[in-house]
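The values are calculated or read from the model by the stated rules, or taken from the named source; none is laboratory data. Just so it is clear, the model here is predicted, and its values are computed rather than measured. We place every Cβ from the backbone using ideal geometry, glycine too, and count neighbours over all the protein chains shown. The accessibility values were calculated without ligands, DNA or RNA, using every heavy atom of the protein model including side chains. Shrake-Rupley method; radii C 1.70, N 1.55, O 1.52, S 1.80 Å.
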Amino acid sequence: MSETLISKPQMTGGAVKSTPWYQSRRARNIIHALIVYALILPGACVFILPLLWMISTALKPSNEIFVYPPQWLPSSPQWNNFSEGWTAYLNFNRMFMNTLIITVNNVIGNLFSCCLAAYGFARLRAPGKNFFFALVLATMLLPVEVTIIPQYVLFTKLGWNNTWRPLMVPPWFGWPFFIFLLRQFFMSIPMDLDEAARLDGASSWRILWSILLPLVRPALATVVIFAFIGNWNNFLGPLIYIRSVDKQVLAVGLNMFRGQYGQVDFHYMMAVALIVLLPVLLIFFFGQRLFVQGIALTGIKG
Amino acid sequence: MVLTISALIRRRPLTLHQREQVDFYIAILPWLLGLILFTGGPVLASLIFSVTNWTGMNLAEVKWVGLENFRTLLFDDGLFWIATVNTFYYSFGAVTLGTMGALFVAILLNQNLPGTTLLRVIYYLPSITSGVAISILWIWLFNPQVGLVNYLLSVVGIKGPLWLGSQDWVKPALILKSTWGIGANMIIILAGLQGVPVSLYEAAKIDGANWWHEFRHVTLPMLSPVLFFVVVISVINSLQILTDVLVMTQGGPGTASFVYVYYIYQAAFQYLKMGYASALAWILFAIILALTLLQLWGSKRWVYYEGGEH
Amino acid sequence: MRNSPLSRRQFLRFSAGVAGLAALSACAPAAAPSAGGDANGGAAASGEAVNVSLGLTWEAAFQSHQKEFDDKFMEAHPDITLEPVYNTWSDHNNVVPTWAAADTLPDIIYVHGSRAFPWAFEGITIPLQSYIDTDTEFNVEDVWAEALNLYNFKGEQHGIPYDHGPNLLGYNKDMFDAAGIAYPDETWTMDTLRETALQLTDAAGEVPKWGWSAEMPGLSNQDGVSSLGPWGAELLNTDENTLLLDTDAALESTQYWTDLILVDKSAPTPAESQAFEQGPWIAGQVGMAVVPSWETPSLASFSTFAWDVAPWPEGPVARATGSFGSGFSMTKNTQHPDQDWAYLREYLSKEGMEFMWGSSGRGSPARKSAYDSWMNSDTVPEHVHYYLDALDTYAITGRPYQTLAAAELNDIITRSVTLLKSGEIDVASALAAIMEEGAPVLTAAYERLNS
């Protein structure tokens, strides 16, 4: 039902321009579009509230934040909250670079390790595979609250305290969520593709690189988006492992606007949070382009 | 000449098969190393702590208590059962609404209409901004007097409940809040929808299928591996709900939103009972593992893998 | 495979500090010394500067103030280098135990009053008694005894408070003026409070106004004393192993506060007060509220109304209110306690407190001699001296603070009290439920304490 809308106008576009049949098809498409908008827009109004709230708070003077009933429009927008929040107390430039370095490394690390493992679980036959896959799932099930202290002790014993290593090394060793996700996508590709290539003498890695990865491009985009956001917003890890302010990341810096007993510079906090949100939005739009490229390739499948 | 070729063909499947096995272990090696180096130790440690009275601070004073923690939990701790029931209630609602909501939105946003990309961003926004402290927004939305939720209900003539202030409505409120997080599932399903071959729809069209038939016989089967993932992950995540409870309700009113991982968090970091918290965590582990294995087993009935099961 | 070149390139490009994959496999547990980055360990006498790390929780805006003090200190003490380690305030209490488990605690840490006792019991903080006893210049008598009590573990000081303050009656002057009612003063009793709250209430309007705020009945810590004390009731005995909520006085006082919400409707229910990020008081929707000293800076910067404080009203039996505070301790992982003390004795001296918390308006200093500086600061209300009066005469530190079960007990209390305030259970059954659930928890904690 979905792709028909993309392909139909192209198929019929130039052919028979003035016939009533075309008219009615076009009318149907418009009605279809109207129904979709009618269903999707009310929800969108609710889902955009957090962003509007952030923008509204970011533009308020401090004494308008807690008034009741809450007001969406500040009396006079304080545009300098953005520059003041960014520069007044903490070195957010430094934190931005730190976060970027860690995040980019972790996205690449996750892509590499999770694609490999997912490929193994989805398409290579070997004894013990089901056991190991159950283990992948099992490691997602234990609440982190009870493993975080032993893990901190472990990394400390490795001498990694107050370094980025506890944040940047593990992503190269897989993340169960992404392994499971990519496995599902790999599994929905017909097996004959691999087998044909294998008979032609292609290695497993050649098959993965040249045949499978291009086919799961939307899934890879999803992993990039999720990994980027997850690492960009990661708060607990940096909070525990990083002690020096000059190594600290944005998520921790953001929460430092919040102090004891309601001493919170909410307006600065939200202004900085909006700036921090920008790269995430960029990645999302970039990821969307990979989605579209994925559509072009679907013809190979099935 | 003919002989060598036939010999090659005969020998090739065998070597290929072995090669494949070796490749499998190479492929999962990074993950396996990570499990051994980084994850395995802490997990085992928590298992050991579950049979001790560890407070979570002084490792020198850990005392073995055997299965005492588990016995207390199952037979002497009313909070454990309250937390378990609350968590299942929440999880059922959150998974059902979350999965169906995400599927619905993803299908609508898979039409290549103008503004789709922007709408996708909007639906994903609450998931991205969750790291920012906007709990007051959610609390305010559920406010009985001036909140948006009750306002919308009043428009259709319903007098809304007290939501977070009511023992009966706090769990539905948390479930409703969780649907703001469908963005992540929506992205996954959208990615899955890109993999459904256009040719299948065209074939269905030629067969005179209506939209429901298309959805039922093309979209759903082709999407089932991804939907399976979404359901499994949603179950795991919803059973481990913590943040919303921590910032919005602190388990209240009374114990109405006292959920499982909130209990673990309180026991581990507030009550100085890391041993007890570990026992709690491992019982939850067993519960989720059973559910996940059940889903894996059940998936054979409804999940269709183009690549085949092997 | 493109495994190793790819990963190595990434590592090199993105992180100088990260070891490559090869190095990782060589990382057998090497027991690397990493406690707080104290490279010079116990080098107290080596002549090189000793590194003293400080585990702090100040929000971003206050960190520069801390730095100003530290810079001055380092100028005067070239043999000591200070290294601040910042936690976010809300996570500090979770991170400190994590540090403790791995022996990476900073040398000196911030300790909230509610954590002083369990952290001392766990050996996270070490006794300072010998320093206090021998350092006559430090003059511990200048610190309020009620403040010191919070950090006393089995007869020894495990920390020194920097800030300690009581609950007072705050009021919204604009609302009083609009209603033509005289401001609260020393003559007020709990009856006056109740009558006035009723007069100030206008909950019918679209934007409701209440006479009284949402905190009470609090039952534990500073709110517990303010709630129960005026009727002569108490939450706990001094050993903190027995709950005392089964008295008529406890029943009567709890009934009084509950009636304000449910009978008079002059205070918001929990559901109603949930609409406010920081409570209905700071939003200007209530006429009177509990205002502890540490809330005055945020009131000064966030409120849009004129406000002041008055003594906590006298009850049928007594005038009583609760107090609480925060402080600093030395940790078990310090290698150079003498240098830590050199810092603490100045940081928490009269001049130190005046600079850090007094003249900055940040909070009511724990030293009597530093109090003037706070009372003269910019963010305090006109009648700030009532805080001093309370500390001098009728404020006591709110229990629980000498049981290992304080956090658990507070949760038990909160569970019943929210139901009570919502009108789902009555006072007698709420108090009975707290007694029943709390008793075994307190007994177990007391046994653990003395085993």
Which numbered condition trips up C:E346, out of (1) modelled with pLDDT of 95 or more; (2) open to solvent by less than 20 Å² (accessible area, probe 1.4 Å)?
(2)
Just wondering, is there one or more residues in the range A:244-261 that are free of Cβ contacts under 8 Å to residues at least 12 places away in the same chain and either assigned to a helix (DSSP H, G or I) or under 22 Å from A:V136 (Cβ atoms) (or both)?
yes
Hey, among C:L409, C:L449, C:L388, which residue is open to solvent by less than 50 Å² (accessible area, probe 1.4 Å), modelled with pLDDT under 95, aliphatic (A, V, I, L, M) and more than 21 Å from B:G165 (Cβ to Cβ)?
C:L449
Among the residues in the range B:207-220, are any outside any helix (DSSP H, G or I), at pLDDT below 95, touching a helix residue (DSSP H, G or I) at 6+ places or on another chain (Cβ under 8 Å) and within 7 Å of another protein chain (Cβ to nearest Cβ)?
no
Go through the range B:55-154 and tell me which helices (runs of 4 or more DSSP H), entirely inside it, have 1 or more residues that are open to solvent by 30 Å² or more (accessible area, probe 1.4 Å).
B:68-71, B:78-108, B:116-128
Lone unmet requirement of (1) in contact with a Leu (Cβ under 8 Å, 6 or more places away or on another chain); (2) more than 27 Å from C:R448 (Cβ to Cβ); (3) at pLDDT 95 or above; (4) in a loop (DSSP other than H, G, I, E, B) for C:L169
(4)
Apart from one, (1) within 7 Å of another protein chain (Cβ to nearest Cβ); (2) more than 30 Å from A:N63 (Cα to Cα); (3) modelled with pLDDT of 90 or more; (4) in a helix (DSSP H, G or I) all hold for A:P238; the odd one out is (1)
Could you list, in sequence order, all residues of the range C:273-315 that are open to solvent by less than 20 Å² (accessible area, probe 1.4 Å), in a strand (DSSP E or B) and either more than 22 Å from C:A395 (Cβ to Cβ) or among the hydrophobic types (A, V, I, L, M, F, W, C) (or both)?
C:V286, C:G287, C:M288, C:A289, C:V290, C:V291, C:V309, C:A310
Within the range B:103-131, considering residues that are touching a residue at least 12 places away in the same chain (Cβ under 8 Å) and among the small types (G, A, S), the one farthest from the other protein chains (Cβ to nearest Cβ)
B:A106
Does A:N29 count as away from chain C (no Cβ under 14 Å), at pLDDT below 85 and surrounded by fewer than 17 Cβ atoms within 10 Å (Cβ to Cβ)?
yes
Flag if C:P217 is part of a helix (DSSP H, G or I) and open to solvent by less than 30 Å² (accessible area, probe 1.4 Å)
no
Go through the range A:128-165 and give me each residue that's of a type outside the set (A, V, I, L, M, F, W, C), at the interface with chain B (Cβ under 9 Å from one of its Cβ atoms), under 23 Å from the mean Cα position of the chain (by Cα) and open to solvent by 10 Å² or more (accessible area, probe 1.4 Å).
A:T139
Selection from the range B:162-200 of residues that are surrounded by 24 or more Cβ atoms within 10 Å (Cβ to Cβ), aliphatic (A, V, I, L, M) and within 12 Å of B:F142 (Cα to Cα)
B:L164, B:V170, B:A173, B:L174
Pairs with Cβ under 7 Å, 6+ apart, first in the range B:155-175 and free of Cβ contacts under 8 Å to residues at least 40 places away in the same chain, second small (G, A, S) and surrounded by 22 or more Cβ atoms within 10 Å (Cβ to Cβ)
B:L162/C:A271; B:W163/B:A173
Say whether the condition of being hydrophobic (A, V, I, L, M, F, W, C), assigned by TED's automatic domain parsing to the domain that holds C:L200 and more than 25 Å from the chain's Cα centre (by Cα) is met by at least one residue in the range C:236-249.
yes
Go through the range C:426-445 and count every residue that is in contact (Cβ under 8 Å) with a residue 40 or more places away in the chain and either open to solvent by 70 Å² or more (accessible area, probe 1.4 Å) or among the β-branched types (V, I, T) (or both).
3
What number of residues within the range A:77-88 satisfy the criterion of being surrounded by fewer than 20 Cβ atoms within 10 Å (Cβ to Cβ) and in contact (Cβ under 8 Å) with a residue 24 or more places away in the chain?
5
List pairs: first in the range A:183-200 and at the interface with chain B (Cβ under 9 Å from one of its Cβ atoms) and under 20 Å from B:Q21 (Cβ atoms), second among the aliphatic types (A, V, I, L, M) and open to solvent by less than 20 Å² (accessible area, probe 1.4 Å), Cβ under 6 Å, 6+ apart or cross-chain?
A:R183/A:A118; A:R183/A:A122; A:F186/A:A118; A:F186/A:A122; A:M187/A:A122; A:D194/A:I207
Which condition number does C:D185 fail, the rest of (1) outside the structural domain of C:G361 (by TED's automatic domain parsing); (2) open to solvent by 10 Å² or more (accessible area, probe 1.4 Å); (3) assigned to a helix (DSSP H, G or I) being met?
(3)
Since A:F96 meets every condition but one in (1) surrounded by 24 or more Cβ atoms within 10 Å (Cβ to Cβ); (2) more than 14 Å from chain C (Cβ to nearest Cβ); (3) of a type in the set (F, W, Y), which condition does it not meet?
(1)
Residues satisfying the stated conditions in the range C:70-89, i.e. crowded, with 17+ Cβ neighbours inside 10 Å, of a type outside the set (D, E, K, R) and under 18 Å from C:G352 (Cβ atoms):
C:F73, C:H77, C:I80, C:L82, C:P84
Among the listed residues B:L284, B:L280, B:L293, B:L289, which satisfies the condition of being surrounded by fewer than 24 Cβ atoms within 10 Å (Cβ to Cβ), more than 7 Å from every other protein chain (Cβ to nearest Cβ) and either assigned to a helix (DSSP H, G or I) or in contact (Cβ under 8 Å) with a residue 60 or more places away in the chain (or both)?
B:L293
Pick from C:D191, C:D202, C:D174: which is closer than 25 Å to C:P297 by Cα and open to solvent by 10 Å² or more (accessible area, probe 1.4 Å)?
C:D174
Selection from the range A:112-127 of residues open to solvent by 50 Å² or more (accessible area, probe 1.4 Å) and assigned to a helix (DSSP H, G or I) yields none
Out of the range C:111-141, which residues are closer than 21 Å to C:W294 by Cβ and surrounded by fewer than 24 Cβ atoms within 10 Å (Cβ to Cβ)?
C:H112, C:S114
Within 22 Å of B:I189 (Cβ to Cβ) and modelled with pLDDT under 95: is that true of B:L119 in this structure?
yes
Note on the range C:244-266: residues within 13 Å of C:E234 (Cβ to Cβ) and in contact with a strand residue (DSSP E or B) (Cβ under 8 Å, 6 or more places away or on another chain) are C:L244
